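These notes concern the structure reproduced below.
The values are calculated or read from the model by the stated rules, or taken from the named source; none is laboratory data. Bear in mind that the values here come from a model prediction, so they are computed numbers and not experimental data. Backbone-built Cβ (ideal geometry, glycine too); neighbour counts: all protein chains shown. Each accessible area value is taken on the protein alone, full model and side chains, heavy atoms only, with ligands, DNA and RNA left out. Shrake-Rupley method; radii C 1.70, N 1.55, O 1.52, S 1.80 Å.
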Amino acid sequence: MSDVLRHYDQVWPSVQSIIEAHSKSSKGLILEGSALLPGFVHQLDADNISAVWLIASDDFLKKRIYESSRYEEKSIEERFLIDQFYERTIAFNAMIIKHTRALNLRYIPVKNLTDLKELTNRCLKIVTQDKSR
């Protein structure tokens, strides 16, 4: 995982400049991506920036990874790589949860995607509450 985190360290200045440029305009911006680490986002200093992490459950990730990779059809060697990817994904997820909690940042646990409207409304409620402060 250290190689991934090193990469995120390298791309953060570019991402930060995009966020800061948009925070000065009246238009909104929604960014998504695993490179938006809690420690980076926590350092942003603007009243009009809100952040919420959508964190999938381990079961959700397992089902999605194994189904989308067609794991059952793969060779032993390919399964090994998929298993490694899943383990790294779970470790990364645990790290994100730990850091959002430590920094008192908001996140929404996601167990499935059956109700995207509900999930969207929960995110918008958090962002709206931030703007009313």
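Key figures for this structure:
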{"item": "Scope the stretch 1-26; condition of a type outside the set (Gly, Ala, Ser) and under 13 Å from Val41 (Cβ atoms); matching residues", "result": "Tyr8, Trp12, Val15, Gln16, Ile18, Ile19, Glu20"}
{"item": "Members of the stretch 33-44 that are open to solvent by 50 Å² or more (accessible area, probe 1.4 Å) and under 14 Å from the mean Cα position of the chain (by Cα)", "result": "Ser34, His42"}
{"item": "Residue identified as modelled with pLDDT of 85 or more and either surrounded by 12 or more Cβ atoms within 10 Å (Cβ to Cβ) or in a loop (DSSP other than H, G, I, E, B) (or both) among Ile126, Ile49, Ile97, Ile30", "result": "Ile97"}
{"item": "Residue check, Phe80 part of a helix (DSSP H, G or I) and open to solvent by less than 40 Å² (accessible area, probe 1.4 Å)", "result": "no"}
{"item": "Residue within the stretch 105-112 that is over 24 Å from Leu5 (Cα atoms) and under 19 Å from the mean Cα position of the chain (by Cα) present", "result": "yes"}
{"item": "Any hit, the stretch 6-27, residues being open to solvent by less than 90 Å² (accessible area, probe 1.4 Å), over 22 Å from Thr128 (Cα atoms), free of Cβ contacts under 8 Å to residues at least 60 places away in the same chain and of a type in the set (Phe, Trp, Tyr)", "result": "yes"}
{"item": "Meets criteria (closer than 20 Å to Ile30 by Cα and touching a Ser or Thr at 6+ places or on another chain (Cβ under 7 Å)) for Ala46", "result": "yes"}
{"item": "Which listed residue, of Ile65, Ile55, is over 14 Å from the mean Cα position of the chain (by Cα) and in contact (Cβ under 8 Å) with a residue 24 or more places away in the chain", "result": "Ile65"}
{"item": "The stretch 1-60: number of residues that are in contact with a helix residue (DSSP H, G or I) (Cβ under 6 Å, 6 or more places away or on another chain) and among the aromatic types (Phe, Trp, Tyr)", "result": "3"}
{"item": "Among (1) closer than 28 Å to Thr128 by Cα; (2) modelled with pLDDT under 90, the one test that Met1 misses", "result": "(1)"}
{"item": "Residue that is farthest from Ile90 (Cα to Cα), among those in the stretch 59-75 that are part of a helix (DSSP H, G or I) and open to solvent by less than 70 Å² (accessible area, probe 1.4 Å)", "result": "Tyr71"}
